[in-house]
Amino acid sequence: MDGSNSVLTTFDETGVQKFHWRTVITTGMGFFTDAYDLFIIGTVTAILTPLWHLSTGQLAILNSTSLAAAAVGALVFGRLMDRLGRKTMYGIEVILLAIGALLSAFAPSFGWLVLFRVMVGLGVGGDYPTSSVIMSEYANRKNRGMLVTMVFSMQGLGLLVGPLVAAGLLSTGMSHEIVWRLMLGLGAIPAASVIYLRRKMDETPRYLATVKKDSTAAAQVVSRLTGVSVNSANAAVAVKAQNFWNRKYLTRLLGTAGSWFLIDVAFYGNGVSSQLILKALLPHAALVTTVLVAAAIFAVAAVPGYYVAAAQMDKLGRKTIQVLGFLIMALAYAGIWLVPSVVKIPLLFLIIYAVSYFFIEFGPNTTTFLVPSEVFPTNLRGSGHGISAAGGKTGAFLGAFVLPLILKQIGLSSTMGLLAGVSILGVALTLLTLPEMKQQSLETNEISEIAPELQRRPS
């Protein structure tokens, strides 16, 4: 087969190679930073509350500002990467992240800290569509789920390192005025470490072939990365630009953005509010103790969940893992809600809480990142992922902003009941709106003229 089809088929059928793992590290380091920055703020606000005499409203604003900005960043970067190209935009988001983290460390007041956290949030939001789409378009057909999930699994390490850094700094005896600034400033280091690598990455062959219609350039990139000579002669690409205004893609957009919204209500509400939840369980414990308990939960439950998800994503499929995760979350939260006395037995509660965290990661927290990078055609992939991520960050904003207030008003058990309802909605939305893309070529989303044989290939 000649032309761009052979270019894309070669890329789809190549085994996992060094360039795949290099791309995982380059894209994944952003998610390490994202997780560190977004979750360290929960500990920072616990420190700042007595130092700056923060009100409940100010506390909620600090916890959620970056998440609101992330929704905007996801929309903007997702759209621009479809219009200007993946390579053009890649790296700008981590520049914003690094500068925002560094400036946050030197914030002189509440207002300035909020402003700098907006910059962090824009970078975080931009990282979602850019990194996911680039990894998805670089991946092969059979291992795409694993590779994209491995990128996102770097979030798990950030979740673990954040509490450990916080506990380490709190244990030094340094002034809390210095500790919180170090916590925020350290987030600039991993982001800055990949700026150069991201700016030097090749444009993805899929974007070159199907959007820029430059199959010669696509063939050159594929040949250089895979070591396989491909023929791009006479490679006219008969692809019309697609749009969202049809039932197929609107339904998928509802599924990707809606399920991401629902999981982030639970996930970020749980995560950012972990200090409040643990304080409710262990009211007399020192801050460093609750931070270490949170780190232990992440290490035992959350981090393994990412890697089990990566290992099973191309075997069980995205829908199965997402539905299973939402369902177990619902059962865990409902158990705490229906048996309120559980909260009076800290060990039992922490076990249930840990189980819910495992199935958040081996479930919708990973799949909602992956699926939007697969179910839209190339010219809509960045925008579709950006809209979906913005839906997620909107849910995260509500979870982080509203959940602490709800927790204070109605208590821990009733709050968990609300999260159980959110999880059940996630099960229904997944089943009704999303296709299964396990081991399917991304070109199944293009019109049939581009590669009909790809669409006929069995999974």
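The values are calculated or read from the model by the stated rules, or taken from the named source; none is laboratory data. Predicted, not measured: the structure shown is a model, and the values here were computed from it. Using ideal geometry, Cβ is built from the backbone for each residue, glycine included, and neighbour counts are taken over all protein chains shown.
The single condition among (1) surrounded by fewer than 20 Cβ atoms within 10 Å (Cβ to Cβ); (2) among the hydroxyl-bearing types (S, T, Y); (3) in contact (Cβ under 8 Å) with a residue 40 or more places away in the chain that S55 does not satisfy is (3).
Against the criterion of being of a type in the set (V, I, T), more than 25 Å from F369 (Cα to Cα) and touching a Pro at 6+ places or on another chain (Cβ under 8 Å), T49 does not qualify. Of the residues that make up region 364-386, is at least one at pLDDT 90 or above, part of a helix (DSSP H, G or I), of a type in the set (K, R) and crowded, with 22+ Cβ neighbours inside 10 Å? For region 364-386, residues at pLDDT 90 or above, part of a helix (DSSP H, G or I), of a type in the set (K, R) and crowded, with 22+ Cβ neighbours inside 10 Å: present. Pairing residues of region 367-380 that are farther than 16 Å from V323 by Cβ with residues that are among the acidic types (D, E) and not in a helix (DSSP H, G or I), at Cβ distances under 7 Å and at least 6 apart in sequence or on separate chains, gives P377/E446; T378/E446. Residues in region 192-217 that are of a type in the set (A, V, I, L, M, F, W, C) and within 28 Å of the chain's Cα centre (by Cα): A192, V194, I195, L197, M201, L208, A209, V211. I'd like to check something: does region 92-111 contain any residue that is of a type in the set (S, T, N, Q), free of Cβ contacts under 8 Å to residues at least 24 places away in the same chain and either within 20 Å of G392 (Cα to Cα) or assigned to a helix (DSSP H, G or I) (or both)? No, the conditions are met nowhere in region 92-111. Between M154, M135, the distinction of being buried (at least 22 other Cβ atoms within 10 Å of the Cβ), within 18 Å of the chain's Cα centre (by Cα), assigned to a helix (DSSP H, G or I) and at pLDDT 95 or above belongs to M135 only. Among the residues of region 401-428, count how many are modelled with pLDDT of 95 or more and buried (at least 22 other Cβ atoms within 10 Å of the Cβ). Summing the residues that are modelled with pLDDT of 95 or more and buried (at least 22 other Cβ atoms within 10 Å of the Cβ) in region 401-428 gives 1. Annotation for region 24-39: no member residue is farther than 26 Å from P190 by Cβ and surrounded by fewer than 21 Cβ atoms within 10 Å (Cβ to Cβ).
Within the option set A166, A191, A219, A209, being among the hydrophobic types (A, V, I, L, M, F, W, C) and either in contact with a His (Cβ under 6 Å, 6 or more places away or on another chain) or under 23 Å from A389 (Cβ atoms) (or both) holds for one residue only, A191. For region 306-356, the set of residues classified as assigned to a helix (DSSP H, G or I), surrounded by fewer than 22 Cβ atoms within 10 Å (Cβ to Cβ), at pLDDT 90 or above and not aliphatic (A, V, I, L, M) consists of Y307, Q312, D314, K315, K319, T320, listed by residue number.
Kindly provide the set of residues from region 46-91 that are among the polar types (S, T, N, Q), part of a helix (DSSP H, G or I) and either at pLDDT below 90 or within 24 Å of the chain's Cα centre (by Cα) (or both), ordered by number.
T56, Q58, N63, S64, T65, S66, T88
Checking T27, T45, T56, T49 one by one, the residue that is closer than 30 Å to T216 by Cα and polar (S, T, N, Q) is T27 and no other. Restricting L398, L432 to residues that are out of contact with any strand residue (DSSP E or B) (no Cβ under 9 Å at 6 or more places or on another chain), under 14 Å from I263 (Cα atoms), modelled with pLDDT of 80 or more and not polar (S, T, N, Q) narrows the list to L398. Could you list all residues from region 76-88 that are touching a helix residue (DSSP H, G or I) at 6+ places or on another chain (Cβ under 8 Å), surrounded by fewer than 24 Cβ atoms within 10 Å (Cβ to Cβ) and more than 25 Å from G111 (Cβ to Cβ)? If the condition is that a residue be touching a helix residue (DSSP H, G or I) at 6+ places or on another chain (Cβ under 8 Å), surrounded by fewer than 24 Cβ atoms within 10 Å (Cβ to Cβ) and more than 25 Å from G111 (Cβ to Cβ), then R79, L80, G85, T88 are the ones that fit.
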